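Okay, so here's the structure we're looking at.
Every number here is computed from the coordinates shown, using simple stated rules; none is lab data. All of these numbers come straight from a predicted model, not from anything done at the bench. Cβ atoms come from the backbone with ideal geometry, glycine included; neighbour counts cover every protein chain shown.
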């Protein structure tokens with residue numbers, strides 16, 4: 001029975017791969033350099049050929065690329081990777097135009113026009129800018145143009161950074177309603193342990209649920225060129241799985257195997273399958289595109305009311321307020337152990353929330369002088385993220 005289940009899963013993965021009408025492909029610095037110090041332009045040309053092959057079969061493709069800081073570092077004569085934000089911004093400013101020039105030449109050999117997309121977390125957090133970005137991408141796809149996206153490191157500071165392009169790629173996959181995110185890595189998928197240090201580590205072919213065992217198997221940053229490791233890829237997988245998108249981690253240097261997957265016995269990587277129940281576009285934006293400004297701690301009864309009963313968060317279920325936020329800000333909702341249960345838009349400011357925490361709804365007006373809402377967070381403005 002197990003062999004049949006595996007065969008069915010592989011058939012489903014093959015179907016999703018071959019029928020994907022829109023893909024996001026993310027390639028990291030270490031894959032682009034092949035582990036060396038400079039960009040491997042032969043590999044970039046091979047990547048362009050691989051992507052244009054997907055375009056010829058009728059798929060829209062969005063490429064998320066790292067490498068701008070690395071190219072700028074080389075052009076500016078920096079011996080070491082820049083460590084301060086101003087140095088990273090300077091290297092990105094120098095490197096981004098050269099990186100796009102390299103891509104334009106590579107894709108130009110196949111007659112493919114490319115467009116540069118630079119984003120910060122702020123662009124995704126603001127609903128209007130988020131929708132504007134989606135509309136721009138839709139127009140580019142309709143025109144047959146290949147968008148190439150990167151974090152706008154020249155202007156990004158810590159509070160508006162994605163931090164890694166794994167997260168950016170996952171958010172863009174949701175933004176443009178992609179069917180599949182292909183994460184090209186310097187490893188051939190996720191393993192039970194770090195294969196560089198454990199000879200017994202085995203590759204995990206399919207992940208249907210992010211269990212504690214899967215979480216423990218994730219490792220940190222794996223190269224000097226990149227900023228992300230398996231931990232950030234797992235975070236990207238969580239976004240995709242909740243958004244109805246297949247995510248694949250595969251060896252970026254094995255493009256031939258990926259191109260011929262329809263003839264392969266198994267997929268050359270790890271496939272993360274989406275949940276059956278996925279988030280709507282607005283709730284996906286709420287859950288993943290913004291940083292919570294504060295946290296609301298709730299009791300066990302409120303946890304059950306939210307996660308099982310599908311209810312709103314009432315003041316009586318709240319036992320603590322962390323951080324400072326205004327009415328309308330995004331807040332995290334945590335249990336007594338500090339684990340995030342949900343995220344949502346608070347109807348009250350942090351100072352107001354502290355006053356009404358643990359109290360019943362009919363006491364709000366007496367305590368605050370007004371009672372605009374009965375709920376701290378209404379279920380329509382809330383996303384369950386755990387619990």
*Run the quick spin-label model on residue 200 and residue 113: label points 7 Å from Cα toward the beta carbon, then report their separation in nm to one decimal.*
5.7 nm
*asked:* Per 0.36 nm of contour for each residue apart, how much would the distance between residue 19 and residue 134 grow if the chain were fully extended, relative to their Cα-Cα spacing?
replied: 39.2 nm
*Would you mind calculating the relative contact order of segment 292-384 from Cα pairs under 8 angstrom and at least 6 residues apart, reporting the percent as a whole number?*
34 percent
*asked:* Can you classify the chain as rounded, prolate or oblate using the Cα gyration tensor, where a ≥ b ≥ c are the square roots of its eigenvalues, rounded means a/c under 1.5, and otherwise it's prolate if a/b beats b/c and oblate if not?
replied: prolate
*Based on other C-beta atoms within 10 Å, arrange 231, 280, 270 from fewest to most.*
280, 231, 270
*Take each of the peptides 33-43, 52-62, average the number of other beta-carbon atoms within 10 Å over its residues, and list them starting from the highest.*
52-62, 33-43
*Mind ordering 296-304, 196-204 by average Cβ neighbours within 10 Å, highest first?*
296-304, 196-204
*Calculate, for residue 8 and residue 177, the FRET efficiency according to 1/(1 + (r/R0)^6) with r their C-beta to C-beta distance and R0 25 Å; round to the nearest 0.05.*
0.45
*How far, in degrees from 0 to 90, does helix 127-142 lean away from the longest principal axis of the Cα atoms of the chain, to the nearest 10?*
30 degrees
_Given the -39500 (n - 2.57) contribution per DSSP H run of 4+ residues, what per-residue ellipticity at 222 nm results for the chain, rounded to the nearest 500 deg cm²/dmol?_
-12000 deg cm²/dmol
*Relative contact order %, the chain, counting alpha carbon pairs below 8 Å whose residues are six or more apart*: 14 percent
*If you line up the long axis of helix 230-242 against the longest principal axis of the chain, both from Cα atoms, how many degrees apart are they, to the nearest 10?*
70 degrees
_How much of the DSSP bridge set in the chain is antiparallel, in percent, rounded to the nearest 5?_
40 percent
_Anisotropy class of segment 86-130 from Cα gyration tensor, a/c 1.5 cut_ = oblate
*asked:* I'd like the orientation of helix 165-175 relative to the chain: the angle between its Cα long axis and the longest Cα principal axis, in ° from 0 to 90, rounded to 10.
replied: 70 degrees
*asked:* With the cut-off at 1.5 for a/c, could you classify segment 282-341 from its C-alpha gyration tensor as rounded, prolate or oblate?
replied: oblate
_Connecting C-alpha atoms closer than 10 Å in a GNM of the chain, tell me which of 346, 372, 243 has the biggest fluctuation._
372
*asked:* If packing is taken as the average count of other Cβ atoms within 10 Å, what order do 95-105, 351-361 fall into, highest mean first?
replied: 95-105, 351-361
